Ligand SMILES: Nc1ncnc2c1ncn2[C@@H]1O[C@H](COP(=O)(O)OP(=O)(O)O)[C@@H](O)[C@H]1O
Ligand SMILES: Nc1ncnc2c1ncn2[C@@H]1O[C@H](COP(=O)(O)OP(=O)(O)O)[C@@H](O)[C@H]1O
Ligand SMILES: [Mg+2]
Ligand SMILES: [Mg+2]
């Protein structure tokens, strides 16, 4: 920063020096007809000129790098921070809003750092220096010029208040627009299926029009302010001329003095005019920084406790216990009614497989999401080997627990990378084993086998294929504890049977919690827990529950239910 | 992540450049009158601005002597002061008017462009979207737009002012002293070479900026959308590395671009300053030899600054233009793509106001890639009102058939028609009103539950929405939510459980009330009682419309009038479910397996 300022002031000094040398040259050698001094003075002008250009060059060259470096570093921090913020945060923050912070807002900051800030300082300094000079030349006139700063400040202040809100609104709208575009891209199948292009197009138009209107509001503020900032120094100049003339007439000022005065006052034009631009730039930077820090200041709610220890997954036996667990989504408020889970207790022995059964919306997904700490319970605790899972480091906990989510998420990268994700150095045989268990052999038939790029940018897969990959990903590396949320819902009966057989063998000494909807899958589990409205109402073997619990029968049995329904 | 090539091959590049210019012109053309007016305002502002110093000169040279002279005459001074005030007022009004007008032109062109690109994206086919990715689409409509918007913050202003002063000053220089002017002209080749270099270097750099920022955005969006999996599988570290790479590439591209302007602008300054020194030395000698007046040399030197300084601004404008052009190229590329599944220019109307729903596939051949046929030759007639179930192993082509019927893709050969009209001849409106598909993905939009159901029929009242939800069995859970139908479902409907999302998606389709309803594994996340409710509703719904149902739970299939068993894109069995079970073929096997699976 200091360097930049020094370079900027140096260049300005060189700029001012050149006219002085020219005046010297014209008044001296040329007028006095001394050709000998011309080359030297010419060289001096050349030197100053080259220096000016070089200083400007160095300043810009270095400033570009440093401002860009800063932008890049903040963006990196932002991304890293976002990846560590819990799912509950991301549920509520549309990624478009996050994206606009990471791109548009940071670019605004960068521009301010590379231009606005420097010129703000240089121009303010110039302004003050010139005013001081004017005051020394002729203090009444100088005072008049100094007083002209008052309307300038008034105008600038108005911009401050009006522009700030518009700039902020503009940035928020940009985020909204990005969000809308993203959902229009991701929901394109639905939009096409219902032929709702126009519907979405209208939403977009409304948003884009808001953006347009806000941009126009900004323009109006700027147009009013910038034109006034042109007008004020001009009027001051005219006033000065009139007053100066009277002063000259009264013999209190020489004509030469007035000319010098006018010349100096002209030097104020640019610094004053640029104020408007610098303020606008600065305010945009301010709101942009606010927006970025709004996110950076969010403390990750799910982190390693101070008492957390890393544990070698190989030493984990895998006893899982839910102890009077209660849970409510942070977004749903804190009334008792908003609790999704309450008083859930469940003890799972090492190597045991337990199925969770319950109606849609009873809280199965919420329950199993506590194990990899996608969410933390609001009350009670979850333990593995009698240790609160919050006392494991996140990293080791998540290497102990393998998960297959209800909605398989694939990323646009190779099959291999999609399966391994965070596991480094996965061996070929481990991959092959996982693919085998999930009956995902189809990946070998893809155009480039395991190296085929899938996901958004690659080969499209059917729902069943995606689900099997997600399953393979979960079982890869044989985690001690396995959480499978409705893992076979998209498979056809035949494939499902094959996966079940393979899974049964794989699950033999893994602790597993499986959310199931179909009786067939329950065969994998020794015991079943029935979840109703967020509480476990019964635990036991399938046949026992079938025989004794009518609610269980209702949830699981197609035939009984159909009869009841009729 | 593989690195893709940045520059398209030469000829494509030229085409894109032309296309981007044409795009720019088509955006500005509706505003050409306003643009002209803006330029006039700008000229008025500048002329008034130039008059100021001249008036001051008159004030000092003539006003003051008149005032101090014997007559003590203040009129000259008063008149000049008045004129000066007038000039200032004109300058003020001109500037304000110009900024408003130019802002309006720029913003409406931008609005127009945004809308055009967005609408075009929506028109492009599924196969385009599968490859293009949502992240890149976001990048086009945000970051690229930002680059273009920069052109509206100023731009023209600098261009006109600079061009004006460069031309007029050049004239003045020539008029003042041709030999000195000739020396000045010596700088032109250097300027030309410099700006040509800048043009090439910055075009490449800015193009690269657009590419790299798109890659950055794609990764950013994708990893945050999949944050659940990222965290559960400890992918953060690797993602950070990838992001750092993309971020660094973007930084480098930006650095190259910004450094090219960091060279251009001081470069022009250098050329100007050197010219000044040369003119000064040469002029000094000429004055000495009596070939030149001192006053002329002084004026010449002063004007020389006015000649080179505006070029600085011009270079800034040029820079914004280059950056905007790179973005415009990307947008022109998108706008230049023809929809793979286009709307017919002159659509054929359906025979009756509402489609009856007879479907027909004639010798349909289809594959997603040219080298792999999924459907070799499919013939199928579904009479109006029939409920048809498609079963078969995964990858058999069931979804593909559904997509063809919903015209997400067009067949490579053969035709799909409804009520005797080829789908390719139907207007988008008729097509979508007649055929609706519900898939297992069932994307929900951020917004309220009511908004999402209303998506099926935007004109529906709250009452109709509630009725649709009730019919499908979704009302119970919706009513239990704190804000009922006004509950906001968050991004992708994340506020709901997967089964609840499917129910909402069902209600949405129910409300659309199409003649042909396609269900592709649409009940997979439902528990058995909910599924039963849905099925009961389906039975009613399907009684008066054509339906194509894909499901592996044969409970859904059992309500069908007819079952097709598919194997590698071919129909291997076709008949009533009960008949097929009796016949003891593939379907009978599946049926047995399913019965066993019920435990
Ligand atoms: N992110 C969330 N924010 C607020 N509420 C949620 C969220 N996700 C789910 N819910 C609510 O919590 C309840 C349980 O959901 P879930 O655990 O997904 O059910 P299940 O998996 O048993 O179908 C549902 O009523 C659902 O609406
Ligand atoms: N968008 C796509 N691009 C390329 N190939 C696809 C696409 N969608 C499906 N496929 C391939 O087409 C074949 C048939 O798939 P699909 O119709 O989804 O089968 P089903 O629905 O019977 O399971 C599969 O081999 C699948 O991998
Ligand atoms: Mg669930
Ligand atoms: Mg399918």
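The values are calculated or read from the model by the stated rules, or taken from the named source; none is laboratory data. Since we're looking at a predicted model, the values are computed, not measured. All Cβ positions, glycine included, derive from the backbone under ideal geometry; neighbour counts span all protein chains shown.
Each residue in the stretch A:429-474 was checked for being within 16 Å of ligand 1 (Cβ to nearest atom) and closer than 14 Å to residue A:506 by Cβ, and 0 of them qualify. Taking the criterion of being more than 8 Å from chain A (Cβ to nearest Cβ) and modelled with pLDDT of 90 or more, the residues of the stretch B:107-135 that qualify are B:109, B:112, B:113, B:116, B:117, B:120. One residue stands out among those in the stretch A:487-523 that are within 12 Å of another protein chain (Cβ to nearest Cβ) and in contact with a strand residue (DSSP E or B) (Cβ under 6 Å, 6 or more places away or on another chain): the one that is surrounded by the most Cβ atoms within 10 Å (Cβ to Cβ), which is A:487.
Just to verify a result, which residue in the stretch A:352-367, among those that are more than 20 Å from residue A:507 (Cα to Cα) and in a loop (DSSP other than H, G, I, E, B), is modelled with the highest pLDDT? Per the criteria, the residue is A:363.
Quick grid of which residues meet (1) more than 14 Å from chain A (Cβ to nearest Cβ); (2) under 39 Å from the mean Cα position of the chain (by Cα):
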| residue | (1), (2) |
| --- | --- |
| B:516 | no, yes |
| B:519 | no, yes |
| B:524 | no, yes |
| B:529 | no, no |
| B:536 | no, no |
| B:545 | yes, yes |
| B:548 | no, yes |
| B:551 | no, yes |
| B:572 | yes, no |
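Within the stretch A:317-333, is there a residue that is part of a loop (DSSP other than H, G, I, E, B), assigned by TED's automatic domain parsing to the domain that holds residue A:511 and over 30 Å from residue A:489 (Cα atoms)? For the stretch A:317-333, residues part of a loop (DSSP other than H, G, I, E, B), assigned by TED's automatic domain parsing to the domain that holds residue A:511 and over 30 Å from residue A:489 (Cα atoms): present.
Restricting attention to the stretch B:509-530, the residues that are free of Cβ contacts under 8 Å to residues at least 60 places away in the same chain and touching a helix residue (DSSP H, G or I) at 6+ places or on another chain (Cβ under 7 Å) total 8. Here the condition is being away from ligand 3 (no atom under 16 Å from the Cβ), in a strand (DSSP E or B) and buried (at least 21 other Cβ atoms within 10 Å of the Cβ); of B:402, B:389, B:415, it holds for B:389 alone. Kindly establish whether residue A:349 is crowded, with 20+ Cβ neighbours inside 10 Å and at pLDDT 85 or above. It is false that residue A:349 is crowded, with 20+ Cβ neighbours inside 10 Å and at pLDDT 85 or above. Checked against (1) closer than 30 Å to residue B:481 by Cβ; (2) more than 13 Å from ligand 1 (Cβ to nearest atom); (3) touching a strand residue (DSSP E or B) at 6+ places or on another chain (Cβ under 7 Å), residue A:375 passes all but a single condition, namely (2). Scanning the stretch B:533-559 for residues that are within 16 Å of ligand 2 (Cβ to nearest atom) and not in a strand (DSSP E or B) yields B:551, B:552, B:553, B:554, B:556, B:557.
Against the condition surrounded by fewer than 24 Cβ atoms within 10 Å (Cβ to Cβ), within 16 Å of ligand 3 (Cβ to nearest atom) and under 24 Å from residue B:133 (Cβ atoms), how does residue A:463 come out, does it pass? Judged against the criteria, residue A:463 is a match. Being assigned to a loop (DSSP other than H, G, I, E, B), within 26 Å of residue A:496 (Cα to Cα) and more than 14 Å from ligand 2 (Cβ to nearest atom) holds for only one residue in A:478, A:473, A:416, and it is A:478. Consider the stretch B:446-458 and keep the residues that are facing chain A (nearest Cβ under 8 Å) and surrounded by fewer than 23 Cβ atoms within 10 Å (Cβ to Cβ). The one that is farthest from residue A:186 (Cα to Cα) is B:458. Please verify whether the stretch A:492-500 includes one or more residues that are over 15 Å from residue A:472 (Cα atoms), more than 16 Å from ligand 2 (Cβ to nearest atom), assigned by TED's automatic domain parsing to the domain that holds residue A:556 and over 38 Å from the mean Cα position of the chain (by Cα). Yes, the conditions are met somewhere in the stretch A:492-500. Entry remark, the stretch B:479-497: residues being in contact (Cβ under 8 Å) with a residue 12 or more places away in the chain, part of a helix (DSSP H, G or I) and either within 16 Å of ligand 3 (Cβ to nearest atom) or more than 10 Å from chain A (Cβ to nearest Cβ) (or both) number 5 in total.
Considering the stretch B:26-43, the residues that are crowded, with 16+ Cβ neighbours inside 10 Å and more than 21 Å from residue B:90 (Cα to Cα) include one that is farthest from the chain's Cα centre (by Cα), namely B:31.
Scanning the stretch B:554-568 for residues that are within 16 Å of ligand 4 (Cβ to nearest atom) and within 8 Å of chain A (Cβ to nearest Cβ) yields a count of 1. Taking the conditions (1) surrounded by 24 or more Cβ atoms within 10 Å (Cβ to Cβ); (2) away from ligand 4 (no atom under 16 Å from the Cβ); (3) facing chain A (nearest Cβ under 8 Å) in turn, residue B:506 satisfies each one other than (3). Just one of the listed residues (A:365, A:383, A:426) is surrounded by fewer than 24 Cβ atoms within 10 Å (Cβ to Cβ) and within 16 Å of ligand 1 (Cβ to nearest atom), and it is A:365. A single member of B:462, B:481 is within 28 Å of residue A:404 (Cβ to Cβ), away from ligand 2 (no atom under 16 Å from the Cβ) and surrounded by fewer than 19 Cβ atoms within 10 Å (Cβ to Cβ), and it is B:481.
Condition check ((1) in a helix (DSSP H, G or I); (2) more than 9 Å from every other protein chain (Cβ to nearest Cβ); (3) at pLDDT below 75; (4) within 24 Å of residue A:239 (Cα to Cα)) across all residues:
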residue: B:29; (1), (2), (3), (4): yes, yes, no, no
residue: B:48; (1), (2), (3), (4): yes, yes, no, yes
residue: B:60; (1), (2), (3), (4): yes, no, yes, yes
residue: B:64; (1), (2), (3), (4): yes, no, yes, yes
residue: B:67; (1), (2), (3), (4): yes, no, yes, yes
residue: B:78; (1), (2), (3), (4): yes, no, no, yes
residue: B:90; (1), (2), (3), (4): yes, yes, no, yes
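Being assigned by TED's automatic domain parsing to the domain that holds residue B:537, free of Cβ contacts under 8 Å to residues at least 12 places away in the same chain, touching a helix residue (DSSP H, G or I) at 6+ places or on another chain (Cβ under 6 Å) and over 21 Å from residue B:519 (Cβ atoms), is that true of even one residue in the stretch B:454-471? Scanning the stretch B:454-471 turns up at least one residue that is assigned by TED's automatic domain parsing to the domain that holds residue B:537, free of Cβ contacts under 8 Å to residues at least 12 places away in the same chain, touching a helix residue (DSSP H, G or I) at 6+ places or on another chain (Cβ under 6 Å) and over 21 Å from residue B:519 (Cβ atoms). In this structure, residue B:372 qualifies as assigned by TED's automatic domain parsing to the domain that holds residue B:408, away from ligand 1 (no atom under 16 Å from the Cβ) and free of Cβ contacts under 8 Å to residues at least 40 places away in the same chain.
Answer yes or no as to whether residue B:473 is within 33 Å of the chain's Cα centre (by Cα) and modelled with pLDDT under 85. No; evaluated as a whole, the condition is false for this residue.
Among the numbered conditions (1) touching a residue at least 24 places away in the same chain (Cβ under 8 Å); (2) outside any helix (DSSP H, G or I), the only one that residue B:500 does not meet is (2).
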